[in-house]
Amino acid sequence: MSLESPEGLERGGGLTAVNDFVVKFANVNGSGSASANGMFAKSILRMGVPLAARNIFPSNIQGLPTWYEVRISEAGHLGRRGGVDLMVAMNPQTWDKDVAEIEPGGYLFYDSTKPLPPSKFRDDVTTIGVPLTAITNQAYSDPRQRQLFKNIIYVGALGELLGIEMAVFETLIGEQFATKAKLIPANVAALHMGRDYVREYLKPLGLQVRRADKVGNRIFVEGNNAAALGAVYGGATVCAWYPITPSTSVAEGFTDWCQKFRTDPDGNARYAIVQAEDEIASIGMVVGAGWNGARAFTCTSGPGISLMQEFIGLSYFAEIPAVIFDVQRGGPSTGMPTRTQQSDILLAAYASHGDTKHVLLFPEDPRECFEFGALAFDLADRLQTTIFVMLDLDIGMNDWLCEPFAWDDAKVLDRGKIMTHDELEAGRDFGRYLDVDGDGIPYRTLPGVHPSKGGYFTRGTSRDRYARYSEEGAVYVDNMERLLRKFDTAKSLVPAPITHAAKKKTGFGVLYFGSTSPAMNEALEALEARGLHVDAMRLRGFPFAGEVFDFIAQHELVFVVEQNRDAQLRTLLMNEGGVDPAKMVKVLNYDGAPITARFIVGQITALMDSPHIASSNQLAK
């Protein structure tokens, strides 16, 4: 079409909002759009406006649909809201679905080079046609350049439509191509092509970005990379891993951080990173390194945990430190490798055969990924067992706006109960599985500490307190009871839950964890605004402290919000605390997309209004 004949500028009334709306990009995987979309998000942060950005991508390399959703919220809401105010429809394959997702009164931005029939549009949506293909074809002849610069052109057009300062984009382009300076002018020129077209033919939208000062000193960072840095600060020197989505970037991030922080002045690596032949080998290496005194970890997802079961059981029973970063995804089997869920809770809590229980940490954002990533190694040494850090794809593979990481340089790593050479030399009684303090945790030695005393015995079979092989029932029971005491000790060591009290006394409570947190925080505000008062508790670790069950006991009904089909957290709470199932109300999201505030509010509101719940508690309104 002619560049002088813009099509489809007005169809329906437009939403109006400043610094409070959702933009969603619909692209084709492998088209180079990710870099441009990321630049769009960062430009809003540079304008001082908080946002949450989520990448929804397929499990192939190229060709399938991909989406990038940006929630702009000056109020600081960082969870998914639900609904789209401006759809940037760059993928004909998903056009109908994308158009249907737009809120009434919203906007549809599209490539208008080829006219589309009226049936492809909605009367209650304002359409913005920009002939992107025609502009790029006029400016470029190389097919790859056309594809890549088309993305920059639409960013320039969107920036002008939404009021984002062009200087912000130009600065970001300069930073992105700092090592390839010759590419900067071409990208700035493409940016201006989109801007200039809008200035000549279109007008600003009702959705606008205005400068604010709401971002502060917060950082925009991916959870997996934060966890990897936490591992470095936690003293990890060994990583053995096998590639699996969505955890691979934990190992890649650890590699980058080790090259920066664990390389001596002579260039010698003070770390070992091994890509194993499979998940079984990787956890075997981690357990071996832990036995030898190193702080070691692996990173994986649900299918990897399934394969690691026997070695996890060895770590539990032989009492060898290990850390596993489990970046959860949709399952079972191959499931949805690039979709998020909180569906490994029971798998990790009771991993391996026989009677086992494992410590789980539930970070809510990258800052806690860093903190818990470091803490996990102290806990592994202190408790002499496997510690799971339970991320998910939403936290792990998306950039989140969060508080800067903090670290106390005076902190000393907690190596737990290790009997030294001098203690052995002095004749101190050493029983590898002897509980001398009543906390269930025995002392251990490290290999080579003493030439003749306190040899490091480790058994994956039944043994007595001095690691002597025994199949006597009483000896086995004694050991298993001690392991329970140790697990009970862990209750005081894992991060404590955080409670948010409703504005008015209520008989309702809600429990949640992990990446559900930002959507839950917004949902609680919305419920309060409707006069529905709910106390909330965010769980941050397993085993559960007594205050978790006190919270449940203090409420008539407790909603358990989680992102899986089978209410795994609810099951774990009932199993560990003997809670009446009728008291625990399921609120479940498991479609593979991060949970939204709208979903939580809708579910809880409907449940509180239901005759069964309303009649059981008159405080619902």
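No value in this document is a laboratory result; all are computed from the given coordinates. Only a predicted model underlies this, so the values are computations on that prediction, with no experimental measurement involved. Neighbour counts run over all protein chains shown; Cβ positions are idealised from the backbone, glycine included.
Quick notes
- Short-range pairs are left out: with C-alpha atoms under 8 Å and at least six residues apart, the relative contact order of the chain is 12 percent.
- Three-way shape label, segment 43-82, alpha-carbon gyration tensor, a/c 1.5: prolate
- Long-range HN-HN contacts of I387 with modeled amide H, under 5 Å: A322, V323, I324
- Take the convex hull of the alpha carbons in segment 224-371; its mean projected area over all directions comes to 8.5 nm².
- The residue among G32, L383, G331 whose Cα reaches farthest toward the positive pole of the charge dipole of the chain, with charges on the beta-carbon of Lys, Arg, Asp and Glu, is G32.
- Largest-first principal axis extents, alpha carbons of the chain, Å: 92, 71, 42
- Table column - 3J(HN,Hα) (Hz), segment 382-392, Karplus curve with 6.51, -1.76, 1.60, x for Gly and Pro: 5, 9, 6, 6, 7, 10, 9, 9, 9, 7, 8
- For segment 313-379, the Cβ-based charge dipole about the Cα centre amounts to some 280 debye (Lys, Arg positive; Asp, Glu negative; other atoms uncharged).
- Convex hull per residue volume in Å³, alpha carbons only, for segment 414-472: 99 Å³
- The trypsin sites (Lys or Arg not before Pro) of segment 557-611 meeting both criteria, a DSSP state outside H, G, I, E and B (loop) and at most 16 other C-beta atoms within 10 angstrom of the site's C-beta, are R565.
- Expressed per residue, the C-alpha convex hull volume of segment 109-234 stands at 187 Å³.
- Inverse of mean 1/r across different Cα pairs in segment 17-208, Kirkwood, Å: 16.8 Å
- In segment 221-402, taking the dipole from charged Cβ atoms about the Cα centre, the farthest positive-side position among A349, S249, T237 is held by T237.
- For segment 289-442, the relative contact order comes to 23 percent (Cα pairs under 8 Å, sequence separation of at least 6).
- Dipole orientation for segment 17-208: of the candidates I184, A157, T133, I184 has the Cα lying most toward the positive pole (charges on Cβ; Lys, Arg +1; Asp, Glu -1).
- About its Cα centre, the dipole of the chain is roughly 660 debye, where the only charges are +1 on Lys and Arg Cβ and -1 on Asp and Glu Cβ.
- Residue order, fewest to most surrounding Cβ atoms within 10 angstrom, among C369, C239, C402: C402, C239, C369
- Each Lys and Arg contributes +1 and each Asp and Glu -1, all at the Cβ; summed about the Cα centre of segment 1-152, the dipole is approximately 520 debye.
- Exposure proxy shown here: for E364, E200, E165, the number of other Cβ atoms within 10 Å sets the order, fewest to most, as E200, E165, E364.
- Full-extension gain in nm, L64 to L484, via 0.36 nm per residue minus C-alpha separation: 146.3 nm
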